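First the structure, which I've put down as structure tokens, then a few questions once you've had a look.
The values are calculated or read from the model by the stated rules, or taken from the named source; none is laboratory data. Here the structure is a predicted model, which means the values were calculated and not measured. No Cβ is skipped: glycine too gets one built from the backbone with ideal geometry, and neighbour counts run over all protein chains shown. In case anyone asks, the SASA skips ligands and DNA or RNA and just uses the protein heavy atoms, side chains included. Shrake-Rupley method; radii C 1.70, N 1.55, O 1.52, S 1.80 Å.
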Amino acid sequence: MDRTCLNIAGFIQPTYVVELLSQNDIDGFLDRQLFSCPPERDCYIKEMTPVPDTTPRPLDIFSLIRGLHIDAGDVTYTFEEDANDAAVEYMDSLIDRKRAIPDDENRRGVLSKAKGQFARIAMVLHVLNHSVHQAFDLNRAEFNPNVELNDQWHSTHIDLQSVNNAKAVMDYLISQKFALMPPEVRIPVVQAPSIPKPTRCHAGYDELNNDNADQENDPPAAFSAHFENLAYSGGKYIKKLVTHGREHLGASYVAQRHLMPSARTPGSSNPYKVEAAHAYIQKVCELGFGSIERKGRCAVFAKRKYEDLPDAARNLLVKFNVSEQEYKKQKTCEQL
């Protein structure tokens, strides 16, 4: 991209930040944003420390940054060897933290984006550190001609100090998001009862677009338990389902396209079973978004028209950030 820019400074009332972070993150917006919301601190004017004359203005600092990048053309930053080792270790730890939270999509989303954000923060802190020091030196040189200026004041190799500072900043931002997010909803792992498996013919990849492949029995209660809190923690998946563009969706299609949350049970390595998709579709229907209809010998999800949605379902669409246009949009066969 030409002239790519990073917004590293901005101000918003803390009340709105808290309100944003206290909601379920349906579309991943909050995963991609970094907010710092420190406690408010009032200070009397007379208690403020006077700013020394040699203190640079923010304009001076950003002018130096502009000169390093926009005026100099393309600039690529790399980690120094010891900084790279520390960065790799930290990003691997973020992966471990994500794996330790298997059932909370809000927090997993934050940790997924944290790796790239950490690398960018390290770069930003590295550039700011050099630019602030140079701006101070330039200001001191105006008052003291004996101050020696370093022409090689900036490097494109990110050092270990910047990486360690970035780790501290990232941990603070993650912990702040976690503290303000809704309480974690743990999906219970229930031992599935022993039931005979129905006989079915697997049609291979073509089955993705063949609703007649769904011939399973009604889902056991074990799978239904995974979706009890769907209206609170499953908005991301309900949005994917109702905006997918098809009026009728079979359970196998829903499972194989991952239009549902994972529903893992003990002893099973497949979190997207067709039986679980049946239970998921039933819960979506209970929320008012459609009904289960029969197509031949198969049960399929039939999405309700927008005009026929109950008020409770429309309110959930607002919560899940789904517009009327998105809900009504139909996809062509080529798009599907």
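Among the listed residues 96, 82, which satisfies the condition of being in a helix (DSSP H, G or I), loosely packed, with under 14 Cβ neighbours inside 10 Å and in contact with a helix residue (DSSP H, G or I) (Cβ under 6 Å, 6 or more places away or on another chain)?
82
Moving on. Across region 293-336, which residue is least open to solvent (accessible area, probe 1.4 Å) among those that are modelled with pLDDT of 85 or more, of a type in the set (Lys, Arg) and touching a Gly at 6+ places or on another chain (Cβ under 6 Å)?
Among residues in region 293-336 that are modelled with pLDDT of 85 or more, of a type in the set (Lys, Arg) and touching a Gly at 6+ places or on another chain (Cβ under 6 Å), the one least open to solvent (accessible area, probe 1.4 Å) is 303.
Restricting to region 129-150, give me the number of residues that are polar (S, T, N, Q) and in a loop (DSSP other than H, G, I, E, B). Let's see the steps before the verdict.
Going residue by residue through region 129-150, those that are polar (S, T, N, Q) are 129, 131, 134, 139, 144, 146, 150.
Going one step further and asking which of them are in a loop (DSSP other than H, G, I, E, B), we end up with 144, 146, 150.
Here the count works out to 3.
Within region 151-169, take every residue that is of a type in the set (Val, Ile, Thr) and assigned to a helix (DSSP H, G or I) and give me the one that is most open to solvent (accessible area, probe 1.4 Å).
So, considering only residues that are of a type in the set (Val, Ile, Thr) and assigned to a helix (DSSP H, G or I), the one most open to solvent (accessible area, probe 1.4 Å) is 169.
Could we say that residue 90 is open to solvent by 50 Å² or more (accessible area, probe 1.4 Å), hydroxyl-bearing (Ser, Thr, Tyr) and either in contact (Cβ under 8 Å) with a residue 24 or more places away in the chain or farther than 25 Å from residue 56 by Cβ (or both) here?
no
Could you tell me how many of the residues in region 68-78 are touching a Ser or Thr at 6+ places or on another chain (Cβ under 9 Å) and either closer than 19 Å to residue 171 by Cβ or open to solvent by less than 80 Å² (accessible area, probe 1.4 Å) (or both)?
If we filter region 68-78 for residues that are touching a Ser or Thr at 6+ places or on another chain (Cβ under 9 Å), which is where we start, we get 68, 75-78.
With either closer than 19 Å to residue 171 by Cβ or open to solvent by less than 80 Å² (accessible area, probe 1.4 Å) (or both) added as a condition, the list becomes 68, 75, 77-78.
Qualifying residue count for the region: 4.
Any chance region 32-47 includes a residue that's under 30 Å from residue 322 (Cα atoms), assigned to a loop (DSSP other than H, G, I, E, B) and without any contact (Cβ under 8 Å) to a residue 12 or more places away in the chain?
yes
Being open to solvent by less than 100 Å² (accessible area, probe 1.4 Å), at pLDDT 80 or above and not acidic (Asp, Glu) is the filter here, so list the residues in region 14-53 that pass it.
Answer for region 14-53, where residues must be open to solvent by less than 100 Å² (accessible area, probe 1.4 Å), at pLDDT 80 or above and not acidic (Asp, Glu): 33, 34, 35, 36, 43, 52.
Does at least one position in region 292-301 carry a residue that is touching a residue at least 40 places away in the same chain (Cβ under 8 Å) and within 24 Å of residue 102 (Cα to Cα)?
Let us first name the residues in region 292-301 that are touching a residue at least 40 places away in the same chain (Cβ under 8 Å), namely 293, 295-301.
Retained after the next criterion (residues that are within 24 Å of residue 102 (Cα to Cα)): none.
No, there is no match, as no residue in region 292-301 is touching a residue at least 40 places away in the same chain (Cβ under 8 Å) and within 24 Å of residue 102 (Cα to Cα).
Here is a further query. Of 172, 205, which residue is modelled with pLDDT under 50 and open to solvent by 90 Å² or more (accessible area, probe 1.4 Å)? Explain how you work it out, then say what you get.
Numbers: 172 fails: modelled with pLDDT under 50.
The conditions single out 205.
Of the numbered conditions (1) farther than 20 Å from residue 158 by Cα; (2) in a helix (DSSP H, G or I), residue 65 fails exactly one; give the number of that condition.
Evaluating residue 65 over (1) farther than 20 Å from residue 158 by Cα; (2) in a helix (DSSP H, G or I) leaves (1) as the failure.
Residue by residue, here is whether (1) at pLDDT below 50; (2) open to solvent by 20 Å² or more (accessible area, probe 1.4 Å); (3) of a type in the set (S, T, N, Q) holds:
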site	(1), (2), (3)
196	yes, yes, no
211	yes, no, no
216	yes, yes, no
235	no, no, no
238	no, no, no
246	no, yes, no
259	no, no, no
262	no, yes, yes
267	no, yes, no
